[in-house]
Each structure stands twice: as C-alpha cells, then as structure tokens.
Amino acid sequence: MPRPADTATATMSAITMMVRSGNGAMPAFRPTEISDAELAALAQWISTSKKDPKEHGQ
Amino acid sequence: MNGVSRRDMLRTGAVGTALLASGAAAASPLDSARMLPPDVNSAAFAAAVAELRAIVGNEWVFADADSTLPYTKSFIPDLRGEHVPSGAVAPASVDEVRAILKVASKYRLPMWPISTGKNMGYGMATPASSGQMVLDLKRMNRILDFDAELGTVLVEPGVTYQQLNDYIEANNLPYWLDVPTVGPIVSMVGNTLERGVGYTPYGDHFFMQCGMEVVLADGTLLKTGMGSVKDSTTWQAFKWGYGPYLDGIFTQSNFGVVTKLGMWLMPKPPVYKPFVVRYPNVEDVAKATDTIRPFRMNNLIPNGVLMMGALYQLAMFKRQRDIYTGTGPIPADVLKAEATRNGLGMWNVYFALYGTDEIIGAVEPIVRGAFEASGGEVLTSDEMTGNPWFEHHRTLMRGGMSLEEIGLVRWRGMGGAIAFAPVAPAKGAETQGQSALATEIMNKYGFDYAPAYAIGGRELHHIIFLMFDKGDDAEAARAETCMNEMITRFGERGWCAYRSSVSTMDLVASQYGEANRQVNARIKQALDPLHIIAPGKQGIA
C-alpha cells in the first residue's frame with residue numbers, strides 16, 4: 001500500500017505533466033503562461049481540495 | 001458515467017506515461033518532442049541556442065524534450081511528424097525580438113511566432129514545417145494604452161481576452177470585448193492577425209483593428225498607419241494612414257513579427273437582448289440564411305450571427321457515445337431526437353439586439369415577424385434561461401468569457417479536431433450546397449458533420465469541425481484524408497477556406513492560384529530574403 005504522502009506526490013506530478021503536455025482535449029500550458037512555481041502551487045491545491053459533488057466532467 | 005474519469009487518471013498518474021510514449025516519427029530527430037530544420041546541423045543549433053540564451057536568459061529558451069513538449073500539443077492529425085518544432089524562445093521585449101531575429105538570420109534558424117498558441121482547430125503553436133523554433137511572445141503581455149474616451153486599446157501579443165476583460169472590470173470601463181470562442185486563454189493579437197471572428201457587432205476582428213507595430217526580419221521597426229508620424233495622437237483612431245494600407249499584409253502572413261496591435265472596443269449598450277431561432281429541419285438552412293442576410297445588410301441585426309447545427313451544439317457538452325453507440329456517424333433520426341430532448345432545433349440561430357428599450361422595442365417585431373414567416377421559432381431568455389446552449393451564446397454575444405466550446409474536441413476517444421472553414425456568399429442555395437457536400441464527404445469517412453455558420457454582412461464563414469480520435473492512428477489518417485477531400489472538392493465548386501490548419505496551408509494556397517502565390521512570394525523575398533520568419537505560413541515559403 002502506498003503511503004498517503006507518496007500518493008499526493010504522484011498526483012501532483014501527474015497534474016504537472018497533464019498541464020504541460022495537454023491531455024486529450026486539454027490544451028498544453030507553457031511556463032510563459034503558468035510558471036513552474038505557480039503550477040506547483042496549483043497542483044498542490046488541486047490534489048488536496050475536496051471533490052466537488054457537482055462536477056460532471058469525465 | 002462511462003469512459004475514463006479525469007480524477008482517476010490523475011490519481012494513478014497514468015497520463016504522463018501514455019503521453020510520453022507518443023513521440024513523432026522524425027526525419028531529422030533530436031528526440032521525440034523535437035526536430036531540427038533540414039538545413040541546420042546540431043552543432044549550429046547548439047550555437048544558436050547559446051546566443052539565444054544570452055538574449056533572453058537561460059530559463060526562456062526551451063531546447064530539450066521536456067521543455068519543448070508544451071509546444072508540440074495540437075488537436076490536428078500529424079502522422080508523419082511534419083509539425084514538430086526544434087524548441088522555443090520567449091522574449092520579453094521588442095528589442096529582444098530584434099536580437100533573436102538577428103541570431104536566427106545568422107544560423108538560418110526559422111522562427112514560428114505565436115502569441116498564446118491557442119489556435120484550436122488549426123494546429124495550436126505547431127509550425128507549418130518541422131524544425132522551426134517557436135517564437136513565443138506570451139511574456140510580452142502589457143496593455144500599453146486604454147483610451148477611455150475613444151474606446152481603443154494598444155496591446156502586446158501575450159494579452160489574453162481574459163486579461164483585458166479583468167482590466168475593464170477592475171477599472172469599471174464602459175466597453176465590451178468581442179471574443180472568439182475559448183477567448184479567456186486566447187490572444188487578442190493572435191486571433192485578430194488570423195482574422196478570426198466573434199459574435200457582437202464588433203465581430204469582424206480585423207475590421208476593428210487600428211494600427212500595428214511590426215518587426216521585420218532585418219530588425220526594421222514599422223508602425224503602420226498614423227503610428228509612423230512623429231508624436232502622432234491618432235494611431236488608434238484612424239486606420240488608413242497615407243499611401244498603401246499595409247496592415248493587411250501582416251495578417252495571416254510571415255512578412256514580419258507583429259509586436260503591438262491597436263483595437264477598437266464596443267461601447268457597452270444600456271440594453272442587450274439575446275434571441276435564438278429554432279428551425280426543426282436540416283433543409284431549413286436555406287430559409288434561415290435568406291432571412292438573416294437582409295437584416296445583416298441593413299444592420300437591424302448588428303452582431304455576428306451564428307447558425308448552429310444540432311450536432312455542433314450537442315458536441316459542446318456531450319460525447320458521441322452519450323448519444324449513439326453504433327459505428328459511423330450518428331443517424332439523422334437519432335440526432336434529431338437528441339436535439340429535441342435538449343431544447344435544440346436542427347439549426348439554431350443566435351442573434352441579439354443592442355441599444356435602448358425603445359430601439360429594441362421597435363426592431364424586435366420586424367425581425368421576429370420575418371423569422372416566424374420563414375418557419376422559425378423565436379425564443380428569448382423568457383423561455384430559454386437555463387438552457388446551456390442559450391446561456392453559452394448569451395455569453396458570447398456580449399463578449400463574455402467561456403471555455404465551453406473546447407468540449408467539441410473530446411467528441412471521440414482521446415479527442416482530436418481539425419477545422420475547415422470555407423466562406424460563401426450569404427445565400428440560401430450556397431449554404432444548402434455546402435452542407436450537402438460536407439455531409440456526403442464526412443459521412444463517407446465515418447465522421448459526423450458538425451456545422452456552424454457565422455454570418456457577417458454579405459458572406460458567411462462555414463465552420464466545420466471534423467472531430468476524431470487522435471489517439472487512434474488509423475482514425476487520424478482517415479481524418480486527414482477526409483479533410484483533404486473536403487478542401488479539394490469544395491475548391492472545385494469555387495468554395496475556399498478563409499483560414500486553415502498548418503497541415504493544409506499549401507493545399508489551400510494552391511486554390512488561390514499562381515498569381516496570388518507569386519505576389520506573396522515576391523513580397524516575402526523583399527522583406528525576408530532569408531525566409532527566417534514562419535516559412536510555409538499560409539503557403540508562403
């Protein structure tokens with residue numbers, strides 16, 4: 001079983017990867033649009049925020 | 001819920017692995033995400049990169065696989081790795097742009113300028129040919145001037161519509177923007193230079209442009225129109241200047257790098273009233289067009305009208321498999337039933353009236369009567385509030401911020417889309433002919449026909465989104481073949497695109513004839529003899 005801290009790190013790195021490469025219908029975003037530091041803070045926020053029960057995306 | 005959950009993918013970290021495996025096959029490879037230009041060897045490239053780093057700083061030159069990755073993403077097919085950049089460089093000032101072009105000239109390293117690189121259906125930031133280095137102007141993101149009396153702005157390429165929107169709100173200025181779809185992440189300069197369109201009375205973006213600053217390949221700094229006059233106060237007020245009008249040759253072009261652009265903004269009207277007219281049948285496209293045209297010509301309807309096909313509308317918020325699980329395109333009866341379920345017609349015409357209650361009160365009965373006589377059902381916010389499509393277009397027709405139309409790209413599988421945008425005169429028979437031809441070709445290849453007609457004054461842009469699964473190479477190949485056949489067969493009828501993806505620029509340029517191409521080539525030769533700026537852009541080598 002992975003420890004929660006490891007899972008959080010993996011999630012943050014997956015978010016960073018998704019933003020920089022653009023996954024599927026998502027455009028890629030570059031350091032000129034969102035800096036590495038901003039992206040790290042965003043990934044931290046997303047990975048620790050509660051799920052929105054109204055979210056309907058797939 | 002069916003399919004893949006975004007949250008699950010994030011949790012497992014599966015995304016990165018899948019993406020890293022999809023490198024392009026390269027003729028002159030550096031690594032999976034990058035390719036060198038054919039005439040530049042890796043030693044020369046390394047020397048050029050070192051000089052570029054000296055200009056903009058280490059962190060703003062992207063010359064390895066990881067850092068170049070965000071520039072390679074596009075939604076269009078690229079099966080042979082023909083649109084893979086060698087890297088990217090991001091200047092912060094006009095002086096840095098000039099210095100970069102000097103280095104590019106020295107090493108014959110072609111530069112592909114982008115503003116924000118969000119050219120959704122047309123290739124995003126990717127260059128017309130592999131090996132070009134992306135010249136990313138996003139860091140130049142200042143609103144240089146906002147004249148609150150004239151309603152004019154002067155902006156740099158990195159300014160997004162969202163940034164300008166925030167500025168207007170923060171300063172409580174009485175003006176509206178006119179946005180392309182997905183405006184929040186798009187550059188006002190980039191969209192205007194591509195001659196994009198929007199949905200308010202200021203919908204023809206290039207028409208509302210006034211003055212630009214251009215860096216030429218040799219470092220010359222040109223300010224067009226009144227901008228060339230010493231101490232001029234008229235740069236953003238008068239478009240034409242003196243002598244030949246030059247702004248046009250720097251749009252959809254590779255004759256220079258535009259570093260500043262002036263735009264006119266619409267005064268915010270006291271009252272705004274959006275409408276939708278529903279038509280029940282596919283064949284109604286002709287009647288709808290013939291009803292809209294006179295009102296666009298006499299300006300009783302002042303805005304960029306959208307006539308949206310049911311399939312385009314549904315694809316904004318749904319996936320194909322939500323509606324149909326069979327193979328091939330969605331059958332007509334299934335589509336119609338789904339449209340009806342969602343409060344949509346087979347065609348949905350969105351227009352708006354702007355002004356005062358008295359003005360709108362006088363105009364509404366005239367246009368309402370004409371649409372009803374043509375078989376349309378005229379609806380307003382009284383009936384349609386809460387309908388996601390009506391809300392979307394209500395936002396667009398007042399220049400509001402929305403990213404919803406990106407939803408189109410995920411219609412099938414992992415997503416993918418390429419746009420075909422032929423123009424035609426705004427006549428019913430023309431729309432009927434174009435819709436019939438597009439349906440025939442797209443269905444033959446197994447794709448759905450997703451149409452939107454944007455009606456300007458006397459013309460219409462027919463925006464066709466070919467939605468496919470880029471994660472499936474066989475399907476991407478079919479999409480490519482289908483697109484080529486559409487461009488070719490529309491061309492045989494005299495219908496050509498106003499704009500095209502980086503993968504079809506040569507084909508479309510060839511349809512505009514040899515004289516047109518030669519004149520462009522001669523201007524290119526005069527202004528950029530080393531062909532440093534965006535070779536292949538709009539078919540201009």
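Please verify whether residue B:477 is surrounded by fewer than 15 Cβ atoms within 10 Å (Cβ to Cβ), modelled with pLDDT of 95 or more and over 23 Å from residue B:323 (Cα atoms), treating the condition exactly as stated. Working first, answer last.
On the way: surrounded by fewer than 15 Cβ atoms within 10 Å (Cβ to Cβ): yes; modelled with pLDDT of 95 or more: yes; over 23 Å from residue B:323 (Cα atoms): yes.
Here the answer is yes, as residue B:477 does meet what is asked.
Could you identify the single residue in B:152, B:181, B:160 that is away from chain A (no Cβ under 14 Å) and among the polar types (S, T, N, Q)?
Residue meeting the stated conditions: B:152.
Being among the hydrophobic types (A, V, I, L, M, F, W, C) and surrounded by fewer than 21 Cβ atoms within 10 Å (Cβ to Cβ) is true for just one of B:265, B:300, B:311, B:306. Which residue is that?
B:300
Within the range B:208-222, is even one residue part of a loop (DSSP other than H, G, I, E, B) and surrounded by 24 or more Cβ atoms within 10 Å (Cβ to Cβ)?
no
Just to be sure before I move on: is residue B:173 more than 25 Å from residue B:256 (Cα to Cα), in contact (Cβ under 8 Å) with a residue 40 or more places away in the chain and more than 14 Å from chain A (Cβ to nearest Cβ) in the structure I sent?
No.
Can you name the helices (runs of 4 or more DSSP H) wholly within the range B:347-433 that have at least 3 residues being of a type in the set (Asp, Glu) and away from every other protein chain (no Cβ under 14 Å)?
B:357-373
Do you know which of the residues in the range B:29-62 that are assigned to a strand (DSSP E or B) and touching a helix residue (DSSP H, G or I) at 6+ places or on another chain (Cβ under 6 Å) is farthest from residue A:35 (Cα to Cα)?
Residues of the range B:29-62 that are assigned to a strand (DSSP E or B), as a first pass: B:29-31, B:34-35, B:61-62.
Right, trim to touching a helix residue (DSSP H, G or I) at 6+ places or on another chain (Cβ under 6 Å) and you get B:31, B:34, B:61-62.
Working: B:31: 24, B:34: 21, B:61: 14, B:62: 14 Å.
Top of the filtered list is B:31.
Here are the criteria: (1) at positive phi; (2) free of Cβ contacts under 8 Å to residues at least 24 places away in the same chain. Tell me which single one residue B:324 does not satisfy.
Every condition holds for residue B:324 apart from (1).
Can you name the residue in the range B:54-66 that is closer than 28 Å to residue A:13 by Cα, in contact (Cβ under 8 Å) with a residue 12 or more places away in the chain and out of contact with any Gly (no Cβ under 9 Å at 6 or more places or on another chain) and, of all such residues, is farthest from the other protein chains (Cβ to nearest Cβ)?
That would be B:56.
Quick check: is even one residue across the range B:237-247 at pLDDT 95 or above, in contact with a helix residue (DSSP H, G or I) (Cβ under 7 Å, 6 or more places away or on another chain), of a type in the set (A, V, I, L, M, F, W, C) and surrounded by fewer than 20 Cβ atoms within 10 Å (Cβ to Cβ)?
Yes, some residue in the range B:237-247 is at pLDDT 95 or above, in contact with a helix residue (DSSP H, G or I) (Cβ under 7 Å, 6 or more places away or on another chain), of a type in the set (A, V, I, L, M, F, W, C) and surrounded by fewer than 20 Cβ atoms within 10 Å (Cβ to Cβ).
Read through the list (1) β-branched (Val, Ile, Thr); (2) surrounded by 21 or more Cβ atoms within 10 Å (Cβ to Cβ); (3) away from chain A (no Cβ under 14 Å), then give the number of the only condition that residue B:40 fails.
(2)
Sort out which residues of the range B:327-355 are touching a residue at least 24 places away in the same chain (Cβ under 8 Å), more than 26 Å from residue B:475 (Cα to Cα) and not small (Gly, Ala, Ser), and write them in order of number.
B:342, B:344, B:346, B:347, B:348, B:349, B:350, B:351, B:353, B:354
Scan the range B:319-342 residue by residue and report those that are surrounded by fewer than 18 Cβ atoms within 10 Å (Cβ to Cβ) and in contact with a helix residue (DSSP H, G or I) (Cβ under 8 Å, 6 or more places away or on another chain).
Across the range B:319-342, the qualifying residues are B:324, B:328, B:332, B:334, B:342.
Restricting attention to the range A:14-34, report how many residues are among the aliphatic types (A, V, I, L, M) and facing another protein chain (nearest Cβ under 7 Å).
Qualifying residue count, the range A:14-34: 6.
Which ones in the range A:22-44 are polar (S, T, N, Q) and either at pLDDT 95 or above or over 13 Å from the mean Cα position of the chain (by Cα) (or both)?
A:32, A:35
Being surrounded by fewer than 23 Cβ atoms within 10 Å (Cβ to Cβ), within 13 Å of chain A (Cβ to nearest Cβ) and in contact with a helix residue (DSSP H, G or I) (Cβ under 8 Å, 6 or more places away or on another chain) is the filter here; which residues of the range B:67-95 pass it?
Listed by number, the residues that qualify are B:69, B:73, B:92.
Output the residues belonging to the range B:182-205 that are more than 12 Å from residue B:162 (Cα to Cα) and touching a Ser or Thr at 6+ places or on another chain (Cβ under 7 Å).
The answer is B:189, B:190, B:193, B:195, B:205.
Here are some residues: B:214, B:197, B:182. Which one is under 22 Å from residue B:268 (Cα atoms), of a type in the set (A, V, I, L, M, F, W, C) and touching a strand residue (DSSP E or B) at 6+ places or on another chain (Cβ under 6 Å)?
Unique residue meeting the criteria: B:197.
Can you run down the residue pairs with Cβ atoms below 6 Å, 6 or more apart or on separate chains, where the first is in the range B:118-142 and within 13 Å of chain A (Cβ to nearest Cβ) and the partner is buried (at least 24 other Cβ atoms within 10 Å of the Cβ) and aromatic (Phe, Trp, Tyr)?
If the second residue must be buried (at least 24 other Cβ atoms within 10 Å of the Cβ) and aromatic (Phe, Trp, Tyr), the pairs left are B:125/B:71; B:134/B:71; B:134/B:112.
Quickly run through the range B:486-531 and pick out the residues that are outside any loop (DSSP other than H, G, I, E, B), closer than 23 Å to residue B:131 by Cβ and not charged (D, E, K, R).
As a first pass, look at the range B:486-531 and keep what is outside any loop (DSSP other than H, G, I, E, B): B:486-492, B:497, B:505-511, B:514-527.
Add one more test, that the residue is closer than 23 Å to residue B:131 by Cβ, and what stays is B:505-510, B:517, B:520-521, B:524-525, B:527.
Hits for the range B:486-531 are B:505, B:507, B:508, B:509, B:510, B:520, B:521, B:525, B:527.
The values are calculated or read from the model by the stated rules, or taken from the named source; none is laboratory data. Please read these numbers as outputs of a predicted model, since none were measured by experiment. For neighbour counting, all protein chains shown are included, and Cβ atoms are generated from backbone atoms with ideal geometry for every residue, glycine included.
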